[in-house]
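The block underneath contains the structure these notes are about, expressed in structure tokens.
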Amino acid sequence: METFLQQVINGISQGSAYALIALGYTMVYGVLRLINFAHGDVYMFGAFMGYYLANIPWIKSGVGTSAAGAVFVMLGAMVLSAGLGILIERFAYRPGRGPTRFTLAFWLGLLGAGGGQMAGQTFTSVVLGAFAGIAAGVVLELLGIRPVRQESRLALLIIAIGVSLFLENGGQQAFGADPKFFPQIIPTTSFKVGPLDLDSQRVIVLLVSLVLMVVLNIIVNYTKTGKAMRAVSFNLDAAKLMGINTDRIIAFTFALGSALAAAGGILVSLLYPRIDPLMGVMPGLKAFVAAVLGGIGNIPGAMIGGLIIGMAEVMAVGYGQSTYRDAIAFVILVLILLLRPAGIMGKGMIEKV
Amino acid sequence: MKKWVFWLAALVVLAAMESSLRGLIGAYNYQIVILVGINIILAVSLNLINGYTGQFSIGHAGFYAVGAYTSASVVVYGGPAIRAATAFLPQTAQNAVLLLLGIIAAAIAAGIAGWAVGIPSLRLRGDYLAIVTLGFGEIIRVLILNIDAIGGARGFSGIPQLSNFFWVYLGVLITVVTVHNLVNSSYGRAFISIRDDEIAAEAMGVDTTRFKVMSFVISSMFAGIAGSLFGHYTMYLHPNSFLFTTSFYLIIMVVVGGLGSIEGAILGAVLVTVLLEVFREFGAFRLVNFSILLVLIMIYRPQGLLGAWTLFRTRKPAPATK
Amino acid sequence: MARRSSLFVMCLLGAALVSCAGNSSDQASNEIVIGEFGSLTGTTATFGISTRNGIDMAIEEVNKAGGLLGKQVRVIVEDDQGKPEEAQTVVTKLITSDQVIAILGEVASSRTLAAAPVAQQSMIPMISPSSTNPRVTEVGDYIFRICFIDPFQGLVMAKFATNTLKVKNVAILRDIKNDYSVGLADVFADNMKQMGGAIVADESYSEGDTDFSAQLTSIKARNPQAIFIPGYYTEVGLIARQARRLGMAMPLLGGDGWDSPRLTDIGGEALNDTYFSNHYSVDDPSPAIQNFVSQYKAKYGETPDALAALGFDSANILFDAIRRANSAEPVKVRDAIAQTKDYPGVTGKITLDANRNAVKPAVVLRVRDSKLEYVETITP
């Protein structure tokens, strides 16, 4: 019994990690109806930003493990990741909704920088390559090459896959492929509740994810922006006709979702302090499953879905075979989509004809 | 030209190339040619689901894995018995029999897997279908991880090398011809009608479920064949070769070349495989640039490089994506 | 019918296009080219990087000393991204496209196993610095290794647990995805039982996992006196942390997969009272080792782990063989490698036996306050 209760606690702490990622996933999907495959990689990006911020000398020595330091690291990583989210939205997803400028310049600039690195491997060649790319992009755009309006969501899905591959491979280049160890910016103290072992970090992760869930719920349901988000989610074109700046709302959604992913990345890295550029792939997918399980677009649902997946995994490992761990989430996904596609808390969605 | 003349000529050409190719271009380029061939089979077959029928599967690696492992187990565990039964044949013929049995088993097993996945999945549409096929692909991989007889997590080693240029490109030829004939038949028109407008297709009396499942099963069978050829070329299988990233790369081949075009799928498979190999020395950087190219192609030319373009205009080109 | 033929022609054109791509193997005759493959990216990237560092050092040394047979040595490094099928492709490339005369690699047994048949078929000698799974050298007579094998390592830790730590009830937590870990766990379990001990729990995890609390909770319920974790350092630090967090204070034991400068970064305090078997100890006062350690530190700013040392040794054994063979012909080099006897490497005296495995002693190290301490040497 003791062992079982301890396993329940293990499940909750693993589940709250998934829930943190699932919150952002469910928001983006709810608004854009897009499986943002890159979300798991934004989570990775957030963890790495936290890692670098926490390793800034004056943070490391000065504030050290104090609460102020932890908050600074957390907020800094969230802001940076929100910026990344906005960039992704602006240059990868928005072109599909209508012609936007500088898309070609942005991507060709990155491509040029990469090409410069491949050709010369010096700083100058990278900068030259980037400038050449940007110039080529601007010229091509002046010549009338415009993004194609995406009629199908599947094309967007493939773009999402592309962005995700870009972040994973780019992360391996920028951060190095070997795992890094996340500094313990919040000290951990273990304590016992009856026969059960708990510690401060696990409690903090669970509490923060609950708080974020509540805050998010308030934003979506009780603010004007939230109302606009729901309108966009309901019908993008109608929302636009009602005078809502849909691009801005979508960008805000991405920023919020990405900031949440970063918060998740840092909190999870405190619990499991090993980070690498591919760390977001599996948790990202599982968090998406959690979001579907809870009812996609539904914020408390994502929390519940995350907890269920985490619990199911821990129980499968604790009382069965650890090798089935990665399959559990997908078995749940298949079952839920076949039995109740709207998810636990979701309202039925009618496929528009 | 009669059919048999075509096939006979093809066999002769393939056999001639097999005997001279490795010496001509070296073993490394030969290996790339083989991988290109296997990827062509995979991309062309995936195109049947994603391009022609308009469904979206990102679980192709799962069927590929089923084929690879089935064929390898048939040959490894049934090999001695089969060889004994065919002892009167010369060594090459024995190998051919063995490989053919493996390929047939692989096609059947992968086809069954495709059917089992297709039936429940096809209640779903669009990205839900996509994510469920991804889930199934992962479930298949995890199941393989847990079967000890085929190496489990440690990989399946000791597979005899049976396939070569001749077999791989024979497989390519059969796949391309079959898919080509299929999409230009009444079945193919049914597939395309489902892609273009499922509701209208249903209203016109097309049994959409049946055709969707059919395209899944046929596509999976060819993926199984590709798996078999792959396993018997590399002599070693590991579940990590069949991660969902493999499915991603297959999709990239299909969409880069052009959804709903056989030539597109072939072009995509050749381009992706060769480019990644040529730029190998740049390590992960080539993958960074590669993913940027993918995003750009999707933003500026979502129908792929070739789109629905085909060498032969027997029908009006259909829009590539719905 | 014309259609069919055209499609077929297209496929062949595709094949032809491939064959045109890249055909450069102009080789200057004033150098000896060797190949190396390893995981420079991917989850086990540090293994490949450490090994490469060691090999680079050996090459730099030999080239400074005038090279081999009057020629400079050049290494071509290929990244297999930690994937077995990539390992096979890159080794094929090294052998046929770059025409290397010998190959060094890989660390992980699964990747060595995938690539070894290629080297064997092409009759190019291949030396694995640190694949300990017994099956590796069974592939054929061109495949060598310069480290001890898992059966020996398992015996070492079983002996250590029984004789030195005096524990009887031990739990095992193995990495089920890893040849090395599974093999080592089995051997350890057999030896423990033979020495009168008992395996009270046998749990598993998969490489890349981050949460081990479920397994550890199950293990805790069985009250073992020690836990044997034959995994890689990437997971071990996390496991130790989570175990201590669950109030489990017993000693943790492991194998050479633990060895990395990063081990204690992550494990920290939690790794106190843990022991693992290794190929060498940086504390060893012998001048060969101290020389290697100080040079490595100067060059890379890190204490060399066993993989770096083994990479260094594997390259030197190859050079030694080339010198003795007085030729860079693969067949002759192979024969010379096979005759390696009492080579004074950083990781001990290396002799290759008839099965092309190295016979070497192992050391047991203890972790204390993020430092590795030498405990004892156990000989075969």
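The values are calculated or read from the model by the stated rules, or taken from the named source; none is laboratory data. Every value quoted in this text rests on a predicted model; they were computed, and no experiment measured them. Here the Cβ positions follow ideal geometry from the backbone for every residue, glycine too, while neighbour counts run over all protein chains shown.
Points worth noting:
- Test: residue in segment B:161-171 that is touching a residue at least 60 places away in the same chain (Cβ under 8 Å), polar (S, T, N, Q), more than 23 Å from B:PHE244 (Cα to Cα) and buried (at least 22 other Cβ atoms within 10 Å of the Cβ): yes
- When each of B:PHE242, B:PHE282 is tested for being touching a residue at least 60 places away in the same chain (Cβ under 8 Å) and either over 22 Å from C:GLN81 (Cβ atoms) or of a type outside the set (A, V, I, L, M) (or both), the lone residue that passes is B:PHE242.
- Residue list for segment C:210-223, filter: more than 7 Å from chain A (Cβ to nearest Cβ) and crowded, with 21+ Cβ neighbours inside 10 Å: C:PHE212, C:LEU216, C:ILE219, C:LYS220
- Taken over segment A:323-334, residues that are over 18 Å from B:ILE144 (Cα atoms), of a type in the set (Val, Ile, Thr) and either in contact (Cβ under 8 Å) with a residue 12 or more places away in the chain or not assigned by TED's automatic domain parsing to the domain that holds A:ARG230 (or both) amount to 1.
- Test: residue in segment B:68-78 that is within 12 Å of another protein chain (Cβ to nearest Cβ) and under 19 Å from B:MET235 (Cα atoms): yes
- Here is the figure for segment B:252-288: residues that are assigned to a helix (DSSP H, G or I), at the interface with another protein chain (Cβ under 7 Å from one of its Cβ atoms) and surrounded by fewer than 24 Cβ atoms within 10 Å (Cβ to Cβ) total 7.
- Looking across segment A:187-244 at every residue that is loosely packed, with under 11 Cβ neighbours inside 10 Å and charged (D, E, K, R), the one that is farthest from the chain's Cα centre (by Cα) is identified as A:LYS192.
- Neighbours by Cβ (under 6 Å, 6+ apart or cross-chain): first from segment C:326-342, farther than 12 Å from C:ALA102 by Cα; second β-branched (Val, Ile, Thr): C:THR340/C:ILE317; C:LYS341/C:THR351; C:ASP342/C:THR351
- Of all residues making up segment A:161-197, the number that are part of a loop (DSSP other than H, G, I, E, B), within 7 Å of another protein chain (Cβ to nearest Cβ) and hydrophobic (A, V, I, L, M, F, W, C): 1
- Qualifying residue in segment A:106-119 (condition: on the phi < 0 side of the Ramachandran plot and away from chain B (no Cβ under 11 Å)): no
- The set of residues from segment A:326-346 being assigned to a helix (DSSP H, G or I), buried (at least 20 other Cβ atoms within 10 Å of the Cβ) and more than 7 Å from every other protein chain (Cβ to nearest Cβ) comprises A:ILE328, A:ALA329, A:ILE332, A:ILE336.
- Pairs, first touching a residue at least 40 places away in the same chain (Cβ under 8 Å) and under 14 Å from A:GLY83 (Cβ atoms) in segment A:243-265, second in a helix (DSSP H, G or I) and among the charged types (D, E, K, R), C-beta under 6 Å, six or more apart: A:ALA251/A:GLU89; A:PHE254/A:GLU89
- Qualifying residue in segment A:250-266 (condition: in a helix (DSSP H, G or I) and either facing chain C (nearest Cβ under 10 Å) or among the aromatic types (Phe, Trp, Tyr) (or both)): yes
- Residue within segment B:83-100 that is under 16 Å from the mean Cα position of the chain (by Cα) and more than 14 Å from chain C (Cβ to nearest Cβ) present: no
- Residue count, segment A:156-184 (criterion: at pLDDT below 80 and touching a Gly at 6+ places or on another chain (Cβ under 7 Å)): 1
- Candidate set from segment C:171-203 (those that are of a type in the set (Gly, Ala, Ser), under 23 Å from the mean Cα position of the chain (by Cα) and at pLDDT 90 or above); member that is surrounded by the fewest Cβ atoms within 10 Å (Cβ to Cβ): C:ALA189
- Matching residues in segment C:80-96 - criterion: being of a type in the set (Val, Ile, Thr) and more than 8 Å from every other protein chain (Cβ to nearest Cβ): C:VAL91
- Filtering segment B:119-156 to residues that are more than 7 Å from chain A (Cβ to nearest Cβ), hydroxyl-bearing (Ser, Thr, Tyr) and within 14 Å of A:VAL289 (Cβ to Cβ) leaves only B:THR133.
- Here is the figure for segment C:282-311: residues that are in a helix (DSSP H, G or I) and among the charged types (D, E, K, R) total 2.
- The listed residue being buried (at least 22 other Cβ atoms within 10 Å of the Cβ), under 29 Å from A:GLY69 (Cβ atoms), under 19 Å from the mean Cα position of the chain (by Cα) and not polar (S, T, N, Q), out of A:GLY295, A:GLY310, A:GLY301, A:GLY305: A:GLY310
- Filtering A:PRO283, A:PRO273, A:PRO277 for residues that are within 14 Å of chain C (Cβ to nearest Cβ), touching a strand residue (DSSP E or B) at 6+ places or on another chain (Cβ under 7 Å) and touching a residue at least 24 places away in the same chain (Cβ under 8 Å) leaves a single hit, A:PRO273.
- You will find that of B:GLY224, B:GLY231, the residue that is more than 8 Å from every other protein chain (Cβ to nearest Cβ), more than 29 Å from A:TYR93 (Cβ to Cβ), touching a strand residue (DSSP E or B) at 6+ places or on another chain (Cβ under 6 Å) and modelled with pLDDT of 90 or more is B:GLY231 and no other.
- Options A:GLY297, A:GLY310, A:GLY320, A:GLY301: the member that is in contact (Cβ under 8 Å) with a residue 12 or more places away in the chain and either within 14 Å of chain C (Cβ to nearest Cβ) or touching a strand residue (DSSP E or B) at 6+ places or on another chain (Cβ under 8 Å) (or both): A:GLY310
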